[in-house]
Amino acid sequence: MVKALILQHDHASPSGFIGERLVERGFDITEFQVVPQESYDSPGVSVEVPGFVNFDVVVLLGAPWSVYDPIIEPWFELESKEIESARNSGVGVLGVCFGGQAIAHTFGGTVSRAPHFEIGWHMVDSLDADLIPVGEWFQFHYDRWTTPPGGKTLASSSKALQAFVLDTLLGVQFHPEVNESVLSSWLSAGANLELSALGISIDRIVEETLNKQSLAKLRAYRLVDSFLESVARASCSRS
């Protein structure tokens, strides 16, 4: 059986549509949470990250921190080394938001504070619609990346680059996993306070997610399928 590791950086980040589709595609899922809930406010924990090369596919989910935050160095340095090992071994890696920024950072791309945040449902323009479907994707980020050397930019929005591919690694800035359950988890963990501070209507975000999640699920499933077949095919073929 093909094996997938889903790396959850915090307690409030379920895998949503991504995890669902991997299960449907026959993957045996291992979920690993980096920062325990009780350490959420002081995330500089010491933890042994699972070896990425022991899996056929790795998914790096988002996080409330930035890759350049010194407080996460104890475990982020280890995660970055595992990302390098995955690329060297041909393991497929899908990085989402923080996860995509982690890939970019690891291989020489820049990650920095963006002039404008993106939160909510935003249109993403794709340069490769077979891999990154055109449409509205959920966003929740304050940072932006530059595509690492050797990578190929695949998508962008009006505010930031949105996707790149580097060998068997795919980074996306948006959140294909988001459904009502994922959003609810984020809100319960403090995103409600962030949105209120920014003057963003929580009721509107929730309503839009409910209205858009059927089509978002189709796009997310297409993205996962294309990632498995077009990007991670080298690792999947080993199983």
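Here are some notes:
- For region 144-165, a tally of residues being touching a Ser or Thr at 6+ places or on another chain (Cβ under 9 Å), surrounded by fewer than 24 Cβ atoms within 10 Å (Cβ to Cβ) and touching a residue at least 40 places away in the same chain (Cβ under 8 Å) returns 4.
- Of the helices (runs of 4 or more DSSP H) lying entirely inside region 175-239, those containing at least 1 residues that are modelled with pLDDT of 95 or more and out of contact with any strand residue (DSSP E or B) (no Cβ under 9 Å at 6 or more places or on another chain) span 180-186, 192-197, 202-226.
- Failed item, numbered, when L183 is tested on (1) farther than 19 Å from S13 by Cβ; (2) in contact (Cβ under 8 Å) with a residue 40 or more places away in the chain; (3) surrounded by 15 or more Cβ atoms within 10 Å (Cβ to Cβ): (1)
- So I71, is it β-branched (V, I, T) and within 18 Å of the chain's Cα centre (by Cα): no
- Sole residue being farther than 18 Å from W145 by Cα and either in contact with a His (Cβ under 9 Å, 6 or more places away or on another chain) or surrounded by 23 or more Cβ atoms within 10 Å (Cβ to Cβ) (or both), chosen from I103, I6: I6
- Only one of E48, E73, E38, E79 that is farther than 19 Å from V231 by Cα and surrounded by 14 or more Cβ atoms within 10 Å (Cβ to Cβ): E79
- Tally of residues being out of contact with any Pro (no Cβ under 6 Å at 6 or more places or on another chain) and outside any loop (DSSP other than H, G, I, E, B) across region 20-47: 13
- Check on P115, closer than 13 Å to R219 by Cα and not hydroxyl-bearing (S, T, Y): no
- Only residues that are small (G, A, S), closer than 19 Å to V178 by Cα and assigned to a loop (DSSP other than H, G, I, E, B) were counted in region 131-159, giving 1.
The values are calculated or read from the model by the stated rules, or taken from the named source; none is laboratory data. As the structure is a computational prediction, the values presented were derived from the model and not from experiment. Don't worry about glycine lacking a Cβ; one is built from the backbone with ideal geometry, like all the others, and counts go over all protein chains shown.
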